[in-house]
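Working notes, structure below.
The values are calculated or read from the model by the stated rules, or taken from the named source; none is laboratory data. Keep in mind it's a predicted model, so treat the numbers as computed, not measured. Methodologically, a virtual Cβ is constructed for each residue, glycine included, from the backbone with ideal geometry; neighbour enumeration extends over all protein chains shown.
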Amino acid sequence: MSFFNIRGFTSKNRLRKVLSNGSFNSSGSSVSSPKLLYLSPTHLEASLVKGNFKNIVTLPKYVDQEEWLASNVFDFFNNINLFYGAVSDYCNHRNCPVMSADAGIEYMWTDTNRRQMKLPASQYIDYVMTYVQNLMDDESMFPTKSANAFPPNFIVIIKGIFKQLFRVFAHIFHAHYDVILHLHAEPHLHSLFAHFISFSKEFDLLDKKDISPLQELVSEMEVSAI
């Protein structure tokens, strides 16, 4: 479960203060932001946690795996939501007309009729957060009463959630990392992302194809033991 205190820097009040001071100007797009800025050695080394996350992500003794997955999904969802809230003023239809994770990667949203739609990043992410929140609020999907069991396809549900949350990470890193730097939030973002990736690997929640937009960052973090 996450132990990162990230509420302080992700507040809307601080972001509005930055804007009102006129000290920061960003289009919020991956085109105008420095290419792969998050891979700069100076920024890459910024982390709250150094070392292996193995002890944090391993299933504790006597804890049901479904309960462990559910509790961690709640934490990851809430923390990622806070990070996106910190950059959301820059993620608009003009700056981010499509949901992307680099110039060559665009994500399509699939609606309830299985139709794929190209959406602005802000709308796509709003759909993701609403979708995940609704799942977590559904007692048949995430039971809170001991008498209720997790659904047989719970791991499939978790994998779907992780896939979408990873896409939010990818968009933040590629399109809004300059805002993260201005908020001095990169150590928190790196640590949360490393925790997220370690957890996903522990329980095989993401495919290589899912991770590919940030594979270079993941590899660098593994080498640096972040």
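Pick from 84, 90: which is closer than 25 Å to residue 187 by Cβ, touching a Gly at 6+ places or on another chain (Cβ under 9 Å) and surrounded by 14 or more Cβ atoms within 10 Å (Cβ to Cβ)? I'd like the intermediate steps shown before the answer.
Values: 84 fails: touching a Gly at 6+ places or on another chain (Cβ under 9 Å).
Of the residues listed, the single one that is closer than 25 Å to residue 187 by Cβ, touching a Gly at 6+ places or on another chain (Cβ under 9 Å) and surrounded by 14 or more Cβ atoms within 10 Å (Cβ to Cβ) is 90.
Taking the numbered list (1) more than 29 Å from residue 56 (Cβ to Cβ); (2) modelled with pLDDT under 95 in turn, residue 148 passes all entries but (1).
Note on segment 131-150: among residues that are in contact (Cβ under 8 Å) with a residue 12 or more places away in the chain and of a type in the set (A, V, I, L, M), the one that is nearest to residue 166 (Cα to Cα) is 132.
For the residues 197, 161, 226, the requirement of being among the aliphatic types (A, V, I, L, M), modelled with pLDDT under 90 and closer than 23 Å to residue 54 by Cβ singles out 226.
Look at (1) among the hydrophobic types (A, V, I, L, M, F, W, C); (2) closer than 24 Å to residue 56 by Cα; (3) surrounded by fewer than 20 Cβ atoms within 10 Å (Cβ to Cβ) and you find that residue 168 fails only one, number (3).
Filtering 100, 122, 71, 88 for residues that are of a type outside the set (D, E, K, R) and more than 15 Å from residue 176 (Cβ to Cβ) leaves a single hit, 71.
Here are some residues: 136, 129. Which one is over 30 Å from residue 36 (Cα atoms) and out of contact with any Asp or Glu (no Cβ under 9 Å at 6 or more places or on another chain)? Every option except 136 fails the conditions. Scanning segment 141-179 for residues that are among the polar types (S, T, N, Q) and part of a helix (DSSP H, G or I) yields one hit, 164. Evaluation of residue 128 against the conditions (1) without any contact (Cβ under 8 Å) to a residue 12 or more places away in the chain; (2) assigned to a helix (DSSP H, G or I); (3) not polar (S, T, N, Q) shows that the sole unmet condition is (1). All conditions in (1) in contact with a helix residue (DSSP H, G or I) (Cβ under 9 Å, 6 or more places away or on another chain); (2) within 26 Å of residue 58 (Cα to Cα) hold for residue 177, with the sole exception of (2). Which of the residues belonging to segment 86-117 are in contact (Cβ under 8 Å) with a residue 40 or more places away in the chain, more than 18 Å from residue 165 (Cα to Cα) and among the hydroxyl-bearing types (Ser, Thr, Tyr)? Within segment 86-117, 90 is the sole residue that qualifies. The set of residues in segment 98-119 being closer than 15 Å to residue 174 by Cα, not aromatic (Phe, Trp, Tyr) and not in a strand (DSSP E or B) consists of 98, 99, 101, 102, 103, 104, 105.
For (1) polar (S, T, N, Q); (2) buried (at least 19 other Cβ atoms within 10 Å of the Cβ); (3) not in a helix (DSSP H, G or I), each residue gets a yes or a no:
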residue: 181; (1), (2), (3): no, yes, no
residue: 184; (1), (2), (3): no, no, yes
residue: 189; (1), (2), (3): no, yes, no
residue: 197; (1), (2), (3): no, yes, no
residue: 200; (1), (2), (3): yes, yes, no
residue: 215; (1), (2), (3): yes, no, no
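Checked against (1) crowded, with 18+ Cβ neighbours inside 10 Å; (2) under 17 Å from the mean Cα position of the chain (by Cα), residue 95 passes all but a single condition, namely (2).
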